[in-house]
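Data block below; observations after.
Readers should treat all values here as calculations from the given coordinates under stated rules, not as data from a laboratory. Computed from a prediction, not measured in an experiment: that's the story for all the values here. Cβ: placed from backbone, ideal geometry, glycine included. Neighbour counts: every protein chain shown.
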Amino acid sequence: MKPAIHIKEIYTNPTSFHIYYSHTGKNKYRDIPQELLRLVELKAENYEFSAKKNEYINLERVSEKGIEHIVVLGIGEEAVQDLNALRNQTMMAIQLARKVKAKEIAVHITNHTKGIQQIIEGIYMGDYSFDMFKGKESQKKHPHINNVYIVTSETTEIKKLITKGTNSATALLLARDLVNTPASHLHPEVLVEYAREIEKKSKGAITVTILDENECRKLGMGAFLGVAQGSERKPAFIILHYKGNGNKKFAFVGKSITFDSGGLSLKPGDSMMDMKIDMAGGAAVLGVFDYLASEKPQISTFSDVYGVLPACENMPSGNAMKGNAMKPGDIVTALNGKTIEVLNTDAEGRLALADALVYAETVLKADYIIDMATLTGACMVALGNDLAGMFSSDDEFEKKYSVFAIQAGDDYWRMPLHSAYLTHMKSTIADLKNISSVRYGGAITAAIFLKEFVKKAKWMHIDIAGPAHSSKNGASGWGVLSVIYFLEQVTKV
């Protein structure tokens, strides 16, 4: 459930939860009606509030004005430029509103347009919780917002930005829902259904192609099919296509392992509990295309935008008598002809991505490729839970993307593609091993392995194992907003 967004020139419902944005510092709350101004100023003086970033004051039970709650957010002098802070602080205010069980919210903003999209995103993000499987009593304890009233001028541009923010937030929340959904309810066939729904929603703007197991085998996707062969659920290689107006081709590849048991190299129980999240890269791809289906933006840089999801489960054989599961020591052949000695079936994501990257470059003819994957625990050891690890074959490509990652709050740290480590991935009986012969630098060796499956395209690999999901907050939708912003706004790569 999502709150309904309305625009109101003046909104005076006395029982609503009001949020005001102060851009100009102490005692200059120009967005606040005169009858509340002195009340807010007194509260600000008591708390020495100066509208700095991350500051807020909460006025509760303002009974003499007939209003239950007022929150004034400080976003700092640089706030108009810090779009991520604006989004986060809106989200914080909405979460506070839910905590006091507010049903309606009035958000007062000035008539400038910059940041409105991020405010709308923050509203939806703040109201989000994954309660699909909770009972009615649990849901009653944490009610959602019913209506949000945007108090501003009802101009065409503002309406457009509110719609855009609604569409980008919807895309983000779709990705979150997919990652939060347990593997009992989400498997490759379900991802296919979502892709088809996006195609239908787009009304011709997006086309979807599904390669089944036989088609993948005919093409030579031995690495991807090697991962899939242990599960009774059939794999699906999903391709989405959106037409732009530029002259370059872009492919967004997402790891889509709907459950990762580790295969015969079985994960310990504690490490397996969250492995429904191993399709977070694919969820981000579907989120981006959901936005393209709704917004249908004019993309000026790319002539074609592709989404690629190599979707399967990584399981021991569902029928043990057939012995179908990929075994340590097996050799698989990728789409580009490279042979891979599989020494650990729990290093499966790079196998599925290998074929997806070759397909993106050689079949789809992509000039630029971004892959996102919950790929290695080693990246979490290096960077913790908040930062993704970024590996890029092209400095300018990474630099362009970083601008939009900052706007989106998709934080990452660039890591080295240290080619010397490729020696640790060489096999004596095949072209490559799927794991390194040394235990250190696991995120780097995984990236170096993937690089072997991209020849000329400008490529970025983003290891989102840390920020894609947390046990406290659930799925983040990492990558959805930054890719949306990048596709729409980048003018040259």
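Summed over all non-identical Cα pairs, the Kirkwood treatment of the stretch 206-264 gives a radius of 13.5 Å. Among 272, 91, 315, a tally of other beta-carbon atoms within 10 Å of each Cβ gives an order, fewest to most, of 272, 91, 315.
By the beta-carbon count within 10 Å of each Cβ, the least crowded to most crowded order of 202, 153, fewest first, is 153, 202.
In units of the compact-protein estimate 2.2 N^0.38 Å, the stretch 180-489 shows a Cα radius of gyration of 0.91. Note: the stretch 384-493, Cα convex hull, 115 Å³ per residue. Pairs exceeding 26 Å between alpha-carbon atoms, taken from 164/276; 249/399; 43/101; 114/249: 164/276; 114/249. Could you grab the relative contact order for the stretch 221-290? Cα pairs under 8 Å, six or more apart, rounded to a whole percent. After rounding, I find 32 percent. Cα convex hull, the stretch 137-191: 113 Å³ per residue, rounded to a whole number. Site pair residue 471 and residue 266 shows an inter-label distance of 2.2 nm when each label is modelled 7 Å from Cα along Cα→Cβ.
With the helix formula -39500 (n - 2.57) applied to DSSP H stretches of n ≥ 4, the chain reaches a computed 222 nm mean residue ellipticity of -11000 deg cm²/dmol. Calculated on the Cα set of the stretch 284-425, radius of gyration then Dmax: 17.7, 54 Å.
Neighbour counts of C-beta atoms inside 10 Å place 48, 154 in the sequence 48, 154, starting with the fewest. With 0.36 nm allotted per residue and the present C-alpha distance subtracted, the residue 455-residue 427 stretch has 8.0 nm of extension available.
Please state, rounded to one decimal and in Å, the Kirkwood hydrodynamic radius that the stretch 100-151 gives when every pair of distinct Cα atoms enters the mean of 1/r. After inverting the pairwise mean of 1/r, the radius is 12.7 Å. Geometric descriptor of the stretch 401-442, per residue, is 105 Å³ (volume of the convex hull of the Cα atoms). Dividing the Cα radius of gyration of the stretch 102-260 by its Kirkwood radius returns 1.06 for Rg/Rh. Taking R0 as 41 Å, what's the FRET efficiency between residue 363 and residue 113 from their Cβ-Cβ distance, rounded to 0.05? That gives a FRET efficiency of 0.50. Look at the alpha carbon pairs under 8 Å that are at least 6 residues apart: their mean separation over the length of the chain gives a relative contact order of 14 percent.
Here is the link list: 103/159; 52/472; 267/338; 159/203; 296/472. Which ones come out longer than 31 Å on Cα distance? Listed pairs above 31 Å: 296/472. For the pair residue 207 and residue 6 in one chain, pulling the backbone fully straight at 0.36 nm per residue adds 69.1 nm over the alpha carbon distance.
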